[in-house]
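Have a look at the structure below before the remarks.
Read-outs throughout are calculated quantities, based only on the coordinates presented, and are distinct from any laboratory measurement. The structure presented is a predicted model; accordingly, all values stated were derived computationally and were not measured. Backbone-built Cβ (ideal geometry, glycine too); neighbour counts: all protein chains shown.
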Amino acid sequence: AQPSEERGECSSLDGHYKAVCDKFEANISGHTEVLARSENRVRAAEDTVADLNRSHIVDDSAEGKASRRCSELLERNRRLMTANRTLRSRVKLDQLDPDVLVLVTEGSFSIPRSAF
């Protein structure tokens, strides 16, 4: 009597595990499908970005040129201001007068050779 009961239990458990396994396989299949769609969307978005980068139109209007020139000048001014601060601090470390150095570099003031 016991072996037939055990076979019945095993058969019942086999059916239960098969049903659970089928559910897992269905979930995996669903997730795989969602992942594939997501990857396709990402690929499409990357293609769109690449297309936009290739077709980037430069603004050649007078306003666009002036705006770019202004940005370039602001960046150049920022770099020159940084260089100026660095030079002035270096000149002060060497105990030179920064204003005299400016005049010398502009050619408005000459330093006698005997000063060297």
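With unit charges on the beta carbon (Lys/Arg positive, Asp/Glu negative), name the residue among Val34, Thr48, Gly15 whose Cα is farthest towards the positive pole of the charge dipole of the range 1-85.
Result: Thr48, furthest along the dipole toward the positive end.
7 Å from Cα along Cα→Cβ at both Glu39 and Glu72: what's the point-to-point distance in nm?
4.6
Give the shape of the range 1-56 as rounded, prolate or oblate, defined through the alpha-carbon gyration tensor: a ≥ b ≥ c are the square roots of its eigenvalues, a/c under 1.5 means rounded, and otherwise the shape is prolate if a/b is larger than b/c and oblate if not. Walk me through the intermediate numbers first.
Details: a/c = 14.65, a/b = 11.49, b/c = 1.28.
Cα axes put the range 1-56 in the prolate bin.
If each of Glu46 and Arg79 carries a label point 7 Å out from its Cα toward its Cβ, how far apart are those two points in nm?
Result: 3.5 nm between the two label points.
Sequence neighbours fewer than 8 away in the same chain don't count; with that in mind, list the aspartates and glutamates whose C-alpha is under 16 Å from Lys18.
List returned: Glu9.
Apply the Karplus parameterisation 6.51 cos²θ - 1.76 cosθ + 1.60, with θ equal to phi minus 60°, to every residue of the range 74-89 and state each ³J(HN,Hα) to the nearest whole Hz, in sequence, with x for glycine and proline.
Each residue's phi maps through the Karplus curve to give 4, 5, 5, 4, 4, 5, 5, 5, 5, 4, 4, 4, 5, 5, 4, 5 Hz.
For the range 42-53, just list the computed ³J(HN,Hα) in residue order, Karplus coefficients 6.51, -1.76 and 1.60, θ = phi - 60°, integers in Hz, with x standing in for Gly and Pro.
Whole-Hz 3J(HN,Hα) from phi for the range 42-53: 4, 4, 5, 5, 5, 5, 5, 4, 4, 4, 5, 5.
Given R₀ = 25 Å, what would the calculated FRET efficiency be for Lys65 paired with Glu106, taking r from the Cβ atoms and rounding to 0.05?
Details: r = 31 Å, r/R0 = 1.24.
Once the sixth-power term is evaluated, E becomes 0.20.
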